[in-house]
Structure formats: C-alpha cells, structure tokens
1. Has segment 45-67 got at least one residue that is closer than 26 Å to Ile144 by Cα, among the aliphatic types (A, V, I, L, M) and within 19 Å of the chain's Cα centre (by Cα)?
2. Would you mention how many residues in segment 141-184 are over 26 Å from Leu32 (Cα atoms), at pLDDT below 80 and loosely packed, with under 15 Cβ neighbours inside 10 Å?
3. So for segment 6-22 (the condition being part of a loop (DSSP other than H, G, I, E, B), surrounded by fewer than 19 Cβ atoms within 10 Å (Cβ to Cβ) and out of contact with any Pro (no Cβ under 8 Å at 6 or more places or on another chain)), does at least one residue qualify?
4. For segment 130-174, name all the residues that are β-branched (Val, Ile, Thr) and part of a helix (DSSP H, G or I).
5. One residue is enough: does segment 45-54 have a residue meeting the conditions at pLDDT below 85, loosely packed, with under 15 Cβ neighbours inside 10 Å and assigned to a helix (DSSP H, G or I)?
6. Could you list, in sequence order, all residues of segment 70-89 that are part of a helix (DSSP H, G or I) and either over 20 Å from the mean Cα position of the chain (by Cα) or not aliphatic (A, V, I, L, M) (or both)?
Amino acid sequence: MYSTFSRVVWGILGVLLLVCGVSCIAQPAAALLAMSALLGVAMLISGVLELVVYARCRRSMLGAGWFLLDGIIAVLLSLFLLFDQAFTALSLPFIFGMWLMFAGVSRVVNSLDLKAMGVRGWGWFTALGILLAAAGFLSFLDPISGALTLSFLLGFLFLFQGLSALLRAILPTAVPLSRPTPVL
C-alpha cells in the first residue's frame with residue numbers, strides 16, 4: 001500500500017500539474033515560450049541520437065543516409081529553438097511542422113527499405129510516416145491555429161497527468177500480496 005508520504009507527494013504533484021495545465025490553456029503565449037525550450041531540447045536529443053544511429057549503422061543498414069539528414073535537420077532546428085526565443089515563439093508551428101514533415105518522409109523511405117529487406121510490419125512505419133508528414137503540412141496551412149493547438153494540447157496533457165496523480169493520491173491502488181511459504 002502507499003504510505004502517507006507517497007500519497008502527499010502524488011497529491012502535490014497532481015495539484016502542480018493541474019495548475020500548469022490551466023495556465024497553458026489560459027495563457028497560450030507563455031506556454032509557447034516554455035514549449036519552445038522543451039521542444040528544442042527534445043529535437044536536439046532526437047537529432048543527436050539519429051546521428052549516433054547513422055554513425056554506428058551506416059554500413060549495415062539500407063537508407064542510413066536518411067538518418068544522417070534527419071539528424072542534421074533536427075539538430076539545426078533545435079539550435080534555432082534554443083537560442084532565439086522571440087524567433088521561436090513566432091515560428092514554432094513552422095519549425096515543428098518542418099520537423100514533422102522531414103521525419104515523416106524519412107519514416108516512409110525507411111519503411112520501403114524495410115519492405116525490400118522482407119521485414120514484417122513495414123506498413124505501420126509507412127502509415128506513421130504519412131501521418132507525420134500530413135501533420136507537418138497542416139501546421140503550415142494555419143500557423144496561428146497550430147500554435148494555439150500546441151498550447152492547448154500541452155495544457156490538456158498536464159490536466160490529464162494531474163488528474164492521474166490526484167487519483168493515485170486518493171484511491172487505494174496497491175493491494176498487499178501474501179508471500180508464498182518457502183518449501184524446504
């Protein structure tokens with residue numbers, strides 16, 4: 001069972017997440033600035049990992065050059081996000097859309113390589129790539145709506161996480177299990 005300390009920690013975390021969620025929905029511009037920093041870090045990590053995959057597997061994997069291209073683009077876009085906050089707030093939907101489009105095209109090309117190698121389930125990668133590219137394209141069509149959508153999504157994610165944490169604090173979720181008697 002959860003101890004009182006665990007319940008208090010989950011309760012505090014839940015309240016903080018709910019406050020973050022409400023503030024993201026109430027102040028989308030502030031949420032965009034915070035999101036740009038988080039997105040920049042996430043894109044930088046993603047780009048570096050793709051460059052590492054390319055460096056380790058370039059000779060043994062078909063289409064490894066796409067990992068190199070995707071990694072370089074992700075790193076460059078992440079640097080824009082991390083070092084120019086004003087630019088980022090205005091261009092976040094475009095940068096996010098560009099990242100999604102390149103990642104989507106890269107996934108489609110990689111899925112075709114998987115198909116050529118006879119890997120089962122390659123179609124899922126194709127579908128995911130098409131969805132990513134389509135989401136990136138839609139972000140270009142209406143950047144203001146895209147920016148607000150990103151803020152609201154972040155707010156709702158915080159709200160859901162906060163409710164989940166509060167439920168963990170309130171509801172008994174762990175049932176003590178009896179230990180089996182050792183057989184000698």
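The values are calculated or read from the model by the stated rules, or taken from the named source; none is laboratory data. Just so it is clear, the structure is predicted and the values come from calculations on it, not from any experiment. Backbone-built Cβ (ideal geometry, glycine too); neighbour counts: all protein chains shown.
1. Within segment 45-67, not a single residue is closer than 26 Å to Ile144 by Cα, among the aliphatic types (A, V, I, L, M) and within 19 Å of the chain's Cα centre (by Cα).
2. 14
3. No.
4. Selection gives Ile130, Ile144, Thr149, Ile170.
5. The answer is no, given that none of the residues of segment 45-54 is at pLDDT below 85, loosely packed, with under 15 Cβ neighbours inside 10 Å and assigned to a helix (DSSP H, G or I).
6. Asp70, Gly71, Ser78, Phe80, Phe83, Gln85, Ala86, Phe87, Thr88 - these are the residues of segment 70-89 that are part of a helix (DSSP H, G or I) and either over 20 Å from the mean Cα position of the chain (by Cα) or not aliphatic (A, V, I, L, M) (or both).
To keep it simple, each residue is scored yes or no on (1) outside any helix (DSSP H, G or I); (2) at pLDDT 80 or above; (3) aliphatic (A, V, I, L, M); (4) loosely packed, with under 15 Cβ neighbours inside 10 Å.
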| residue | (1), (2), (3), (4) |
| --- | --- |
| Phe96 | no, no, no, no |
| Phe102 | no, yes, no, no |
| Ser106 | no, yes, no, no |
| Asn110 | no, yes, no, no |
| Gly118 | yes, yes, no, yes |
| Leu128 | no, yes, yes, no |
